[in-house]
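Values in this text are rule-based calculations from the coordinates and carry no lab data. Just so it is clear, the model here is predicted, and its values are computed rather than measured. Using ideal geometry, Cβ is built from the backbone for each residue, glycine included, and neighbour counts are taken over all protein chains shown.
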Amino acid sequence: MDSNTTIDQLKDLVKNFCSERDWDQFHTAKDLAIGLVTEASEVLEHFRFQSESDIKEILESPTRKEQVEDELADTLFFILRFGQRYNIDLATATARKLNKSALKYPVDKCRGLNKKYTELN
């Protein structure tokens, strides 16, 4: 469960899974980046051209929701594997990026807006 699993524990699961299969040779930074984009696009396939009511239906269907969960898990796998292989502290990187984004998107200028920071007044 999310509430009692650490990122390090997930990285270890991914590392052990890949080690058992001798996949280090296939997991270069380039290959992991390609895998990440490929899996993220498979998440998108479930929602492309769908209305809000269609999306609600997808996420309320146990079978279809599990398909989405599988694609999200595949995407997370590549993020975790990249972090594990290249010694990236994902929690620190995420916090740092959020701090950078907070400077680009101050609450008083962007609350309720979906504009890029270059479009904010």
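If one computes P(r) from the Cα atoms of the chain, what percent of pairs lie at distances over 20 Å?
Counting every Cα pair in the chain, those more than 20 Å apart make up 60 percent.
Taking the Cα centre as origin and putting +1 on Lys and Arg beta-carbons and -1 on Asp and Glu beta-carbons, what dipole magnitude results for the stretch 51-121, to the nearest 20 debye?
The calculated dipole for the stretch 51-121 is roughly 700 debye.
Enumerate the residues in the stretch 101-121 having an amide nitrogen under 19 Å from the point lying 7 Å beyond the Cα of Thr94 toward its Cβ.
Those under the cut-off are 101-103.
Among 1-11, 29-39, how do they line up from the highest to the lowest mean number of other beta-carbon atoms within 10 Å?
29-39, 1-11
With θ set to phi - 60° and the Karplus curve 6.51 cos²θ - 1.76 cosθ + 1.60, what are the ³J(HN,Hα) couplings of the stretch 78-86 in order, to the nearest whole Hz, using x for Gly and Pro?
5, 5, 4, 5, 4, x, 5, 5, 10
Karplus couplings for the stretch 96-111 from phi (6.51 cos²θ - 1.76 cosθ + 1.60, θ = phi - 60°), rounded to Hz, Gly and Pro as x?
My calculation for the stretch 96-111 gives 4, 5, 4, 5, 4, 5, 4, 6, 6, 10, x, 3, 5, 9, 10, 4 Hz in order.
Tell me, how many Å apart are the Cα centres for the stretch 83-121 and for the stretch 60-77?
The stretch 83-121 and the stretch 60-77 have Cα centres separated by 26 Å.
Tell me the label-point distance for the pair Lys65, Lys15, using the 7 Å Cα-to-Cβ offset, in nm and rounded to one decimal.
Those two pseudo-labels are separated by 3.4 nm.
Roughly how many nanometres apart are two label points built 7 Å out from the Cα toward the Cβ at Asp8 and Lys30?
Between Asp8 and Lys30, the simple spin-label model gives 3.3 nm.
Given R₀ = 35 Å, FRET efficiency for Leu72-Tyr117 by Cβ-Cβ distance, to 0.05?
Using R0 = 35 Å, I get an efficiency of 0.85.
Which entries of Lys11/Lys109; Lys56/Lys100; Lys15/Lys97; Lys30/Lys56 show an alpha-carbon separation above 29 angstrom in the structure shown?
As for pairs spanning more than 29 Å Cα to Cα, those are Lys11/Lys109; Lys56/Lys100; Lys30/Lys56.
Run the dipole for the chain about the Cα centre, Lys and Arg Cβ at +1, Asp and Glu Cβ at -1, nothing else charged, and hand back the magnitude in debye, nearest 20.
900
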